[in-house]
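Report on the structure given below.
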Amino acid sequence: MKKLDLLIRGGTLVLEGRIVPGNLGVRDGRIVSVGERDHQPAAHDVFDARGLHVLPGAIDCHVHFRDPGSEYKETWRTGSAAAAAGGVTTVLDMPNTNPPTSDLPGAQAKRQRARAQSVVDWGLYGVLDETSLPHLDALIDSGIVGFKCFMTETTGDLPSPDDGVIFEGFEHLARRGVRCSVHAENAAIMQRRRRSFIAQGRSDPAAHEESRPEVCEIEAVRRTATLASAAGNPVHIAHVSSGGGARAIAEAQRLGLDLTAETCPQYLLFDSSDVARMGGLLRVNPPIRGAGHRDALWAAMHQGVIGMIATDHAPHTWAEKMNPSIWECCRGMIGLESQMAVMLTEVQRGRLSLLDYVRFAATNPAKAWGLYPNKGTIAVGTDADLALVDLDASTHVDQETHHSLNRISPWHGRLITAKPVHTFVRGRLVYTQGRVIGEPGWGREIGRCAP
């Protein structure tokens with residue numbers, strides 16, 4: 001028998017539905033054997049995983065690498081390094097860059113940078129707005145993994161499409177079987193309330209949440225569901241922040257709509273009391289809300305209504321995040337490097353199981369975005385994208401050790417009791433014990449698998 005390229009020996013394998021001790025064999029970037037620990041075929045390289053759990057690498061379906069156009073915030077090199085250090089082996093990058101991925105030249109400009117710099121595998125979203133409607137087929141044919149519709153303002157100042165544009169775009173995507181992610185907030189309510197608060201002289205952190213009340217998310221989710229149901233296309237709700245939003249998603253799912261949803265660690269683990277304490281550091285869209293919403297989101301995950309964890313990794317400089325006026329503080333926060341550690345700490349606390357985590361962070365995103373079974377699971381024939389994690393760690397998140405270009409993080413100082421220590425992308429070690437060693441350009445673009 002031909003020698004393996006790599007044998008990962010002695011770890012505890014987290015497979016779909018079961019956790020077992022065993023060894024993994026890798027050849028040509030793919031897993032070719034999943035065996036008991038006493039099954040040790042010959043290999044060119046042997047990696048000792050004793051004492052560690054071997055997970056499929058996380059797939060973050062919501063990142064903003066800012067590149068091209070705002071490379072002073074993040075680049076493909078630094079963003080992908082942060083992913084590797086966080087046990088994330090595939091990222092899907094949002095389209096609101098400069099130029100945006102609204103046509104083929106915009107997509108190609110981003111591809112050139114990703115191909116040269118990324119340490120981890122990657123996919124691109126196209127933007128769904130009026131400018132992109134003539135280019136949807138060309139973008140899909142070029143390998144775009146999905147689309148993003150911003151119902152409200154976004155970094156990059158892309159214009160929000162009206163409902164006619166959204167419906168026409170959904171109809172087109174339905175014919176091609178391509179999912180569209182939606183930032184679901186009602187822009188008119190939010191903009192009017194914000195103008196009112198500014199006129200009143202308010203600039204306190206709580207004003208941000210109050211300007212974007214829960215009804216903004218509820219209405220926009222229901223509008224998305226109505227348009228998608230009529231068009232017949234699959235949709236995805238990004239960064240769900242409220243209990244009412246989760247209930248609106250459940251209503252659409254009960255009616256049979258192919259609607260998936262994600263939430264983020266910041267909505268699960270922070271609440272409005274943290275916003276009062278940390279201010280603009282936690283200014284994100286949609287806003288972090290009260291503890292009741294946080295608890296409702298956990299319940300929605302356990303019920304299967306929300307099926308994914310993403311980060312909405314959105315870097316800004318220190319000055320952009322620390323402006324004392326909440327309206328002048330940039331919206332977004334980093335999270336790629338901390339997501340796995342903080343969520344596995346919640347596993348240790350009993351908030352979810354290890355199998356739950358793998359489903360939320362790897363398997364479900366792979367299935368929703370057409371990457372499964374090549375990615376998102378550990379099985380013979382899949383890409384050898386792996387995160388080897390220590391479930392007995394005890395340390396604190398330290399933003400000074402992060403690999404993002406701008407490292408200011410609301411997770412700084414948080415106690416974690418688990419962390420990724422080694423990351424493999426298609427069988428190659430790209431991160432090990434605090435060091436990113438993967439070569440820029442090793443990451444490759446991934447496409448949707450045939451149904």
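Things to note:
- Inter-site label distance for ARG18 and GLU400 at 7 Å from Cα along Cβ, in nm: 4.7 nm
- Residue-averaged [θ]222 nm for the chain, counting only DSSP H segments that reach four residues, each worth -39500 (n - 2.57): -9000 deg cm²/dmol
- Exposure proxy ranking, count of Cβ atoms within 10 Å, fewest first, for HIS313, HIS293, HIS412, HIS396: HIS396, HIS412, HIS293, HIS313
- Stretching the chain fully between ILE198 and ALA319 yields a gain of 41.4 nm (0.36 nm per residue, less the alpha carbon separation).
- Overall shape of the stretch 351-451 was characterised from the C-alpha gyration tensor. The equivalent ellipsoid obtained from it has semi-axes of 26, 18, 14 Å, in decreasing order.
- Length available on full extension from ARG414 to ASP258: 0.36 nm per residue minus the Cα-Cα distance, which gives 52.5 nm.
- Mean projected area of the Cα convex hull of the chain, taken over all directions, amounts to 19.6 nm².
- As a proxy for reagent exposure, ranking ILE288, ILE334 by other Cβ atoms within 10 Å from fewest up yields ILE288, ILE334.
- Estimated at 0.36 nm per residue, the fully extended path between ASP356 and ASP163 surpasses their Cα-Cα distance by 65.9 nm.
- Theoretical FRET efficiency, 1/(1+(r/R0)^6), r = Cβ-Cβ of GLN112 and ASP28, R0 35 Å, to 0.05: 0.85
- Part-to-part distance (alpha-carbon centres) for the stretch 218-245 and the stretch 374-401, which is given in Å: 31 Å
- Listed by Cβ neighbour count within 10 Å, with the fewest neighbours leading, TYR72, TYR125, TYR372, TYR431 appear as TYR72, TYR372, TYR125, TYR431.
- Sites count as exposed loop sites when they are GluC sites (Glu not before Pro), lie in a DSSP loop, and have at most 12 other Cβ atoms within 10 angstrom; the longest stretch of the chain without one is 37-327.
- At an R0 of 51 angstrom, the distance between the Cβ atoms of GLN191 and ASP48 translates into a FRET efficiency of 0.35.
- Two-site FRET efficiency, ALA174 against LEU104, from Cβ-Cβ distance with R₀ of 22 Å, rounded to 0.05: 0.55
Every number here is computed from the coordinates shown, using simple stated rules; none is lab data. Being a predicted model, the structure only gives us computed values, none of them experimental. Glycine also receives a Cβ, built like all others from the backbone with ideal geometry; neighbour counts cover every protein chain displayed.
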